[in-house]
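For reference, the structure discussed in these notes is given below.
The values are calculated or read from the model by the stated rules, or taken from the named source; none is laboratory data. Quick caveat: nothing in here was measured; it's all calculated off a predicted structure. Don't worry about glycine lacking a Cβ; one is built from the backbone with ideal geometry, like all the others, and counts go over all protein chains shown.
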Amino acid sequence: MKRQIVLAITGGSGVVYAVRLIEVLLSAACDVHLTISRAGATVLKEELDLSVNLEDFQPNMLLLGDTRALDDSKLQLVRSLAGLSSESSNVLSVATGEPGNLNYYHFNRLTAPIASGSFLTDGMVICPCSMSTLATIVHGGGTNLIHRAAEVHLKERRKLILVPRETPLSTVHLRNMLMASEYGAVVLPAMPGFYHGVMGIRDLIDFIVARIADQLGIENALISRWGENST
Ligand SMILES: Cc1cc2nc3c(=O)[nH]c(=O)nc-3n(C[C@H](O)[C@H](O)[C@H](O)COP(=O)(O)O)c2cc1C
């Protein structure tokens with residue numbers, strides 16, 4: 001059985017990490033259960049010029065699947081930024097065979113499978129995770145599918161990876177992140193390192209995506225690892 005990964009895109013900066021992550025997860029033969037907040041869609045438009053219709057989502061809105069009908073210049077822009085390509089399998093250290101499937105759920109669809117603990121998953125990633133979503137999760141006041149799925153992962157003691165991005169951090173942010181960590185979530189801020197031979201933005205994106213993949217136990221060769229090339 002394929003690994004089942006829940007991915008939520010919320011309204012933090014850095015949505016390009018999520019686009020790249022989906023590509024890596026699918027090529028690693030993971031089924032991806034995707035949901036996107038309203039603010040997440042706004043940031044996808046602002047940062048990547050991607051128009052995502054949350055009510056009628058199609059994979060090509062995130063430059064996945066059949067992209068033949070899309071504007072070529074937009075494709076080139078996001079592909080060069082995120083490293084999206086048809087050769088994506090070269091980011092994995094093991095052959096995976098069949099790619100995974102992408103399943104999409106509207107963020108208000110509280111009847112979706114991922115709203116229940118009985119739907120077995122191998123973890124959830126919120127990337128980017130807005131400070132607003134993070135606060136809602138740690139204070140247990142959830143109203144949408146993203147909050148509910150995160151709550152399920154905490155109560156079922158499954159891996160929940162939060163990828164916040166904000167700077168500077170207020171005391172409220174810091175306290176909420178501490179609480180998230182105390183409750184069992186992995187707080188993995190979108191803070192790329194610069195020690196892996198960075199040649200461009202793609203290497204910074206892949207640094208974060210590799211750390212998320214590592215947390216999910218997905219073998220990958222997205223970046224060269226510290227000590228890997230030393231004698
Ligand atoms: C272009 C843009 C960038 C944003 N960047 C961030 C960010 O980096 N971190 C953050 O916590 N909020 C950021 N926000 C604000 C959130 O989108 C806002 O708090 C929103 O209510 C979050 O809703 P959500 O958690 O349901 O996605 C940004 C908003 C916009 C429009």
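Observations on the structure shown:
- Odd one out for LEU134 among (1) of a type outside the set (Gly, Ala, Ser); (2) within 16 Å of the chain's Cα centre (by Cα); (3) surrounded by fewer than 24 Cβ atoms within 10 Å (Cβ to Cβ): (3)
- Considered as a group, the residues in segment 150-173 that are in a helix (DSSP H, G or I) and more than 13 Å from the ligand (Cβ to nearest atom) include one that is nearest to the chain's Cα centre (by Cα), and that residue is HIS153.
- Wholly enclosed helices (runs of 4 or more DSSP H) of segment 1-120 bearing at least 3 residues away from the ligand (no atom under 16 Å from the Cβ) and modelled with pLDDT of 95 or more: 15-27
- Answer from THR143, THR133 - the residue that is closer than 20 Å to ASN108 by Cβ, in contact with a helix residue (DSSP H, G or I) (Cβ under 9 Å, 6 or more places away or on another chain), within 10 Å of the ligand (Cβ to nearest atom) and in a loop (DSSP other than H, G, I, E, B): THR143
- Residue within segment 189-197 that is surrounded by 16 or more Cβ atoms within 10 Å (Cβ to Cβ) and over 21 Å from MET131 (Cβ atoms) present: yes
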